[in-house]
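Undergrad: What follows is a single structure, and I will ask about it in a moment.
Every number in this text was worked out from the coordinates using simple rules, so none of it is lab data. What you see is a predicted model; the values in this text were computed from it and never measured. So basically every Cβ, Gly included, is an ideal-geometry build from the backbone, and we count neighbours across all protein chains shown.
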C-alpha cells in the first residue's frame, strides 16, 4: 500500500513513519505538513491511505477529509490525533479508523488490516439470469433474454415474452435495478424495454418518440421526454 502522513508536527510524522515501515504493509510513504501540501502531493502521487492529524493550522484534518470524501476515488482515511471528541465526526467522512496518539502498534495493525479489506476489489453480484413470475397461480422462472418488455400494472409488473405474458410482484424499480446491466432500459415510469428487441423508433414530434418492440408491432410505447436523450445514447442514435 502507498501511504501519506499529514501532520504539522515533525516528531509525530517521524514516529508514525517508523511504525508504518516496521509494519511491512506499506510500500511507499509521502509526508505533508498541511492540508494544502497534502492536496498538492496527492495530485502528483496517488496514495491508498492517508493518515490524518486533526489539529492543524488553517485547514484541519477533518475539513480535509470532508473535501477528499467528495472525490470519485478518494484515499482511505485513518485519523491519528490526540483528541477523542472528533471520533463521531470521523464516521461522517467514512474514515477507516481513528487512532489516538501515541499510536499503539496493535491498533495500527488493526487499522492497516481494515484499509486492506476496503481496498480489495469489489465482487459484482451474481448475474440475474431468470426472473420469478406468476403463471396460473404458480411461480415459474423466465429467462431474461426472452423478456421483450415490462409494463407496470396496478400492484404488479407485467412481463411480456414473445408468446406469453406473466405477472410479477417485483416492482418496476427493482426490476430496473436488476436488469439494467443486461440491456434493459426504463423508457417511462410504466415501461422497461429490452433494447435487443427494439424494432423501430418513431419520432412523433419534437422530443416525443414511440418504440415498436419485435413481436408486438401493433403496440406503440411512448418514451418519456426526460428519457429521450439517454435512450438515443443507449441505442447509438
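Undergrad: Provide Rg and Dmax in Å for segment 150-237, with only Cα atoms included in the calculation.
TA: Considering segment 150-237 through its Cα atoms, Rg and Dmax are 12.5, 36 Å.
Undergrad: Binning every alpha carbon pair distance of the chain at 10 Å from zero, what are the percents per bin?
TA: 7, 25, 18, 10, 17, 17, 6, 0
Undergrad: I would also like to ask the following. Relative to the first principal axis of the alpha-carbon coordinates of the chain, what is the inclination of helix 35-44, with its axis defined by its Cα atoms, in degrees from 0 to 90 and to the nearest 10?
TA: 60 degrees
Undergrad: Oh, and also: Roughly how many nanometres apart are two label points built 7 Å out from the Cα toward the Cβ at residue 91 and residue 37?
TA: 3.4 nm
Undergrad: Something else about it: Summing -39500 (n - 2.57) over the DSSP H runs of n ≥ 4 in the chain and dividing by its residue number, what mean residue ellipticity at 222 nm do you reach, to the nearest 500 deg cm²/dmol?
TA: After summing the helix terms and dividing by the residues of the chain, the value is -8500 deg cm²/dmol.
Undergrad: Okay, next question. Let me know the shape class of segment 2-119, please: from the alpha-carbon gyration tensor, a ≥ b ≥ c as square roots of the eigenvalues, rounded when a/c is under 1.5, otherwise prolate if a/b is greater than b/c, or oblate.
TA: Rounded.
Undergrad: Further question: Starting from the Cα-Cα distance between residue 135 and residue 44, subtract it from 0.36 nm times their residue separation and give me the gain in nm to one decimal.
TA: 26.8 nm
Undergrad: Of all DSSP beta bridges located in the chain, what percent are antiparallel, nearest 5?
TA: 65 percent
Undergrad: Between residue 14 and residue 117, 0.36 nm times their residue separation minus their Cα-Cα distance comes to what?
TA: Stretched fully, the residue 14-residue 117 segment lengthens by 34.5 nm.
Undergrad: Distance in nm between label sites at residue 70 and residue 146, each 7 Å beyond Cα in the beta-carbon direction?
TA: 5.0 nm
Undergrad: Using only Cα atoms, tell me the angle between helix 105-119 and the longest principal axis of the chain; keep it within 0 to 90° and round to the nearest 10.
TA: Long axis of 105-119 versus the principal axis of the chain: about 20 degrees.
Undergrad: Same structure, new question: With a cut-off of 8 Å between alpha carbons and a minimum separation of six or more residues, what is the relative contact order of the chain in percent?
TA: Result for the chain is 10 percent.
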